[in-house]
Amino acid sequence: MDVIYPRCAGLDVHKQTVVACVRVAGATALVQEVRTFGTTTTDLLALADWLESFGVQQVAMEATGVYWKPVWHILEESFELILANAAHVKNVPGRKTDVNDSMWLADLLAHGLIRASFVPPAAVQELRTLTRTRKQFVRERAAHVQRIEKLLEDANIKLSSVITDIIGKSGRAVLKALIEGQTDPEQLLACVGRVKASRAELLEALRGRVSAHHRFMLKLHLGHIETLDQTIASIEKEVGQGLEPFRQAAKLLSTMPGISDVSANVVVAEIGIDMSRFPTPGHLL
């Protein structure tokens, strides 16, 4: 097969080591050298210097967990990097050691047989991290809301039957009153704003048996929700700042039916705005 990249390298990346194979195809002979480096910043800089000493221009590595990321960040300024999907380059006869892995990657790269995975620019990567973290916190918040509802049911307080959002303004007021030891339905009713339920329905829904254990657990979960609310608001602010270079693209996306502002932000964070990276719609999917 034709050699597309005569001076290239393959990296087998692990948590504590990187096994690097340099492949130099000369006019008459093929030279391959393998060396193992640590993954500290000093060792990775030494790896970059070693690769440059051979005139390497292209470097391939597998997408192994998150271990490839610091290697990528240090090498991306000096080399053309190719991130290989591990599923596309595994199960090959003869690949039994880290050395063989790195040599195999170098061979595949030299002949142009590695399909590069999409790695967004640094700004998009940071935005993606923020939106994914926000999603995790929103899910965690929803889990605590469900636990509060279960606690109320255990205490026979039917708050979710008369209030749509049990941690909205009225719901929180009732929860805080319960936490403070208030159990009189008439007093709890004073915490509720305008709702569809009748006064009689509200009184019955707020009549229960709340123990000290219930109050402790309600305080625990409500406090965690309030902390998460602050954290999510902080992330939202950071997302707004990170989205500034892509503001117009996100705004255009949000005009499409079914795509909210939050969804538009997530789309930009996941795939960026440079669609030339995806040859076909299938590659994007």
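The values are calculated or read from the model by the stated rules, or taken from the named source; none is laboratory data. Everything numeric in this text was worked out from a predicted model, so none of it was measured. Ideal geometry is used to build each Cβ from the backbone, glycine not excepted, and the neighbour counts take in all protein chains shown. With ligands, DNA and RNA removed, areas are computed over all heavy atoms of the protein, side chains included. Shrake-Rupley method; radii C 1.70, N 1.55, O 1.52, S 1.80 Å.
Here is how the numbers come out for the structure above:
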| read-out | value |
| --- | --- |
| Among residues of segment 31-41, those that are open to solvent by 40 Å² or more (accessible area, probe 1.4 Å) and farther than 26 Å from residue 129 by Cα, counted | 6 |
| In segment 1-30, residue farthest from residue 50 (Cα to Cα) [restricted to those that are open to solvent by 70 Å² or more (accessible area, probe 1.4 Å) and in a strand (DSSP E or B)] | 30 |
| Flag for residue 232 being of a type outside the set (Gly, Ala, Ser), within 25 Å of the chain's Cα centre (by Cα) and modelled with pLDDT under 90 | no |
| Hits in segment 25-72 (condition: of a type in the set (A, V, I, L, M, F, W, C) and touching a helix residue (DSSP H, G or I) at 6+ places or on another chain (Cβ under 7 Å)) | 25, 34, 37, 44, 45, 48, 59, 60, 61, 63, 71 |
| Output for segment 50-61, where each listed residue is surrounded by 14 or more Cβ atoms within 10 Å (Cβ to Cβ) and touching a residue at least 40 places away in the same chain (Cβ under 8 Å) | 51, 54, 56, 57, 58, 59, 60, 61 |
| Members of segment 228-285 found to be touching a residue at least 12 places away in the same chain (Cβ under 8 Å), outside any helix (DSSP H, G or I) and open to solvent by less than 40 Å² (accessible area, probe 1.4 Å), listed by number | 243, 272, 278 |
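Results for (1) small (Gly, Ala, Ser); (2) touching a residue at least 12 places away in the same chain (Cβ under 8 Å); (3) over 19 Å from residue 17 (Cβ atoms), shown as yes or no for each residue.
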{"site": "48", "(1), (2), (3)": "yes, yes, no"}
{"site": "63", "(1), (2), (3)": "yes, yes, no"}
{"site": "66", "(1), (2), (3)": "no, no, no"}
{"site": "99", "(1), (2), (3)": "no, yes, no"}
{"site": "104", "(1), (2), (3)": "no, yes, no"}
{"site": "107", "(1), (2), (3)": "no, yes, yes"}
{"site": "111", "(1), (2), (3)": "no, yes, yes"}
{"site": "134", "(1), (2), (3)": "no, yes, yes"}
{"site": "139", "(1), (2), (3)": "no, no, yes"}
